[in-house]
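To start, the structure itself, in structure tokens.
The values are calculated or read from the model by the stated rules, or taken from the named source; none is laboratory data. Everything numeric in this text was worked out from a predicted model, so none of it was measured. For neighbour counting, all protein chains shown are included, and Cβ atoms are generated from backbone atoms with ideal geometry for every residue, glycine included. Surface areas here come from the heavy atoms of the whole protein model, side chains and all, with no ligands, DNA or RNA. Shrake-Rupley method; radii C 1.70, N 1.55, O 1.52, S 1.80 Å.
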Protein chains: 2
Amino acid sequence: MSKQPGRQKGPVTSRDVARLLGVSQSMISRAFDPRASVSPANRTRIVEAARALGYEPNVIARSLATRRSSIVAIVMGSMENPFYTGVLDQLAQALDEAGLRSLLFRVPPGQDVDDQLPALRRYNVDGLIVASASISSRIAAEWRRDDRRVVLINRTVPDASVASISCDNCGGGRQLADLLLDSGHKRLVYVAGPRNTSTNRDREDGFMEGLMERNAGLVGRIDAGEYSFNAGAAAAHRAAALKPDGIFFANDILALGGLDALRHELRLQVPKHVSVVGFDDIEMASWPSYRLTTIRQPVSEMVSSAVAAVAASATAQANSISLPGLLVERGSVMRRHGM
Amino acid sequence: MSKQPGRQKGPVTSRDVARLLGVSQSMISRAFDPRASVSPANRTRIVEAARALGYEPNVIARSLATRRSSIVAIVMGSMENPFYTGVLDQLAQALDEAGLRSLLFRVPPGQDVDDQLPALRRYNVDGLIVASASISSRIAAEWRRDDRRVVLINRTVPDASVASISCDNCGGGRQLADLLLDSGHKRLVYVAGPRNTSTNRDREDGFMEGLMERNAGLVGRIDAGEYSFNAGAAAAHRAAALKPDGIFFANDILALGGLDALRHELRLQVPKHVSVVGFDDIEMASWPSYRLTTIRQPVSEMVSSAVAAVAASATAQANSISLPGLLVERGSVMRRHGM
DNA sequence: CTGAAAGCGCTAACAG
DNA sequence: CTGTTAGCGCTTTCAG
């Protein structure tokens, strides 16, 4: 009936370690808290014993006691846009390196994030990184009051109290306007993404401002409706009717779809007959079949800022960061002479 | 000093509900367990009160008590291969629909999954879905003994006790061999992916068997080393030296890279000069620039089987499922006459 | 610096 | 069917 030493029933707990060493259980808990006071001698004794027994603090129990979990939720809307799969990949990695776990939370299209967020709270999630989805500032405030950070990637909200980090979409739009104008384009079309996204709005605003400053304008504006390859192709058909010499698609996936439709369905040459530019610089933009000139979003900086923000202490102030995009010129724009 | 009713300090707990209704706390716990016995009258009274107070059971506490979490970990190796981002997307959605949360666990390239798995155990993760990574059968057995299901997607292990679900890679390889032979190809090259993956091995085996059965063979075999666009391009250069009339790339991303290199760097026409086929049917394979003939993996079936397996009761038997792939013919293979 | 004790919020026997 | 009583494994005062 006596306990066999080597053969525990469950996983080893702090009490097992305590018993082995003849110290109190709370001591071994402290030994794993850097800021707690334990004599150096005991601390090393404890970590050694812990390793020997294969002890690791149970995160769930800790979470129950502390009300934190060191897990952050990544909220994702559609993953149709490859840009976000890149973000997700880097995010997961960065969080991991910061000692945080990622709970992936995929919002079905058409569903509102806000409704699902309370459910997340029950997991004691420490923070929220929202990419490719929106969130009401009321909910954001609730989380904040509860000392849980929320940061938006590539989306901004009016409420200044919620951290958001994004690319300078407006400035990017301007750069593209300048590029197209400088190279002599006269008949420009803008293909818009979903109308309720701030990315789309800012890119368009920047582009339009850039044009107007130089007394130029659009020959037309097409609404693609969503960010997808097929929507880009469909938009290209409608755009082609306008006989443009340059098209700015609100993002790369749209541009790629458009490019292919222009070439393979509309029998137009890009860039000879019409130039096209996009935004994001997803991986496929650099593939030889496309060679799309576009604005590169500084994904890794965005990701590390986001992780830093979510890991920041509660006292830290929520601020919005906007990082400049980089124009990368490839083969989809041609200099036009004459006229 | 008396408690104000409306103004709790923390979130509302089961005890708050109990107090309000004048019943025991355990009763309210039972009310949320369908299999527990509570008088119908009380049950409805409780759920109403709960809703009124905004009570929801705390998952962490539950997890501590039950040693389960309704969280399953998705283990992902590289997300470079777009095939897996599709899998991930669907997986997250399917798990969500099954009432499970997904903890995303990204294994850095070159790292071994096994080392990180114990860390996951501390989260009381109910199960493990491993995609694009390997796991030792020792670890798998450990989890299993602990009543936590592990299922592999697109990877098999010798040990029959771990569930695995994959596409019939071997059969797919055969189909491709037949296709290429039927259309009169004589100089075939196989471009291999990472040598230690079962996907690569099976596809190659199936392909070779298909060839040998018809007394055909390869004119060469190239090792791409990894599953990536650039690796495919590099492999295409080496393959071209062999003057092939048909190339089977071990998967689509390789094939796409190869296709582009063949056309834009090697100045070869596909399929006129050389046919190419891939495997997976990732989204880009259907893009007009590529129109790649390939084998479609039944991703949604694979995903739902995986979720079913991970949610299965402990008594359920771990079995391996292999689903047939579907040949989808597009424009990258040409019928060859003569000789 | 260390130990004792009181929770965190829930589940699960066990009596009644 | 319902209440009581122990925990789950850890953190955190509070004394010593």
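Summary table
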{"read-out": "Exam field: A:SER136 pseudo-label spacings to other copies (7 Å along Cα-Cβ), nanometres", "value": "5.1"}
{"read-out": "Shape category assigned to chain A from the gyration tensor of Cα positions, a/c cut at 1.5", "value": "prolate"}
{"read-out": "Using θ = phi - 60° and Karplus 6.51 cos²θ - 1.76 cosθ + 1.60, couplings along the stretch A:287-301 (whole Hz; Gly, Pro as x)", "value": "5, x, 5, 10, 6, 7, 8, 7, 9, 7, 7, x, 4, 5, 5"}
{"read-out": "Other-chain or far-sequence residues with amide H under 5 Å of A:SER69's (modelled H)", "value": "A:ASP126"}
{"read-out": "Farthest positive-ward along the stretch B:14-57 dipole, Cα basis, beta-carbon charges - from B:ALA50, B:SER39, B:ALA18", "value": "B:SER39"}
{"read-out": "For the stretch B:253-319: rounded, prolate or oblate by the Cα gyration tensor [a/c cutoff 1.5]", "value": "prolate"}
{"read-out": "For the stretch B:98-126, residues shielded by at least 40 square angstrom of accessible area compared with the chain on its own, probe 1.4 Å", "value": "B:ARG101, B:SER102, B:LEU103, B:LEU104, B:ARG106, B:ARG122, B:TYR123"}
{"read-out": "Among A:GLU56, A:GLU301, A:GLU329, residue whose mean-square fluctuation peaks in a GNM of chain A (springs only between Cα atoms under 10 Å)", "value": "A:GLU56"}
{"read-out": "Residues with amide H under 5 Å from that of B:ASP281, placed H, sequence gap 5 or more", "value": "B:ASP252, B:ILE295, B:GLN297"}
{"read-out": "Nearest-ten-degree value, helix A:229-240 long axis tilted from longest Cα axis of chain A", "value": "20 degrees"}
{"read-out": "The stretch A:14-57 - convex hull of alpha carbons, volume per residue in Å³", "value": "60 Å³"}
{"read-out": "Degrees, to the nearest 10: B:198-213 long Cα axis against longest axis of chain B", "value": "40 degrees"}
{"read-out": "The stretch A:169-297 shape via C-alpha gyration tensor axes, a/c threshold 1.5", "value": "rounded"}
{"read-out": "Accessible area buried between chains B and A, both sides summed, probe 1.4 Å, in Å² to nearest 100", "value": "4400 Å²"}
{"read-out": "Placed amide H near A:CYS167: partners under 5 Å, 5+ positions off or other chain", "value": "A:ASN154, A:LEU323"}
{"read-out": "Residues along the stretch B:72-95 losing 10 Å² or more of accessible surface when the other protein chains are present rather than the chain by itself (probe 1.4 Å)", "value": "B:MET79, B:GLU80, B:THR85, B:LEU88, B:ASP89, B:ALA92, B:GLN93"}
{"read-out": "Nearest-first distances (nm) between copies at B:ASP205, label 7 Å from Cα via Cβ", "value": "5.9"}
{"read-out": "Accessible surface, the protein assembly as shown, averaged per residue in Å² (probe 1.4 Å)", "value": "45 Å²"}
{"read-out": "Carbon + sulfur, % of accessible area of the protein assembly as shown - ligands and nucleic acids excluded, 1.4 Å", "value": "50 percent"}
{"read-out": "At 7 Å out from Cα toward Cβ: B:ALA312 inter-copy label distances (nm, ascending)", "value": "4.8"}
{"read-out": "For B:SER39, solvent-accessible area (1.4 Å; no DNA, RNA or ligand), Å²", "value": "50 Å²"}
{"read-out": "Lys/Arg +1, Asp/Glu -1 at C-beta; the protein assembly as shown dipole; positive extreme among B:VAL276, B:ILE153, A:ALA216", "value": "B:ILE153"}
{"read-out": "Net dipole in debye of the protein assembly as shown [+1 Lys, Arg Cβ; -1 Asp, Glu Cβ; about Cα centre; nearest 20]", "value": "1780 debye"}
{"read-out": "Nearest-ten-degree value, helix A:40-53 long axis tilted from longest Cα axis of chain A", "value": "80 degrees"}
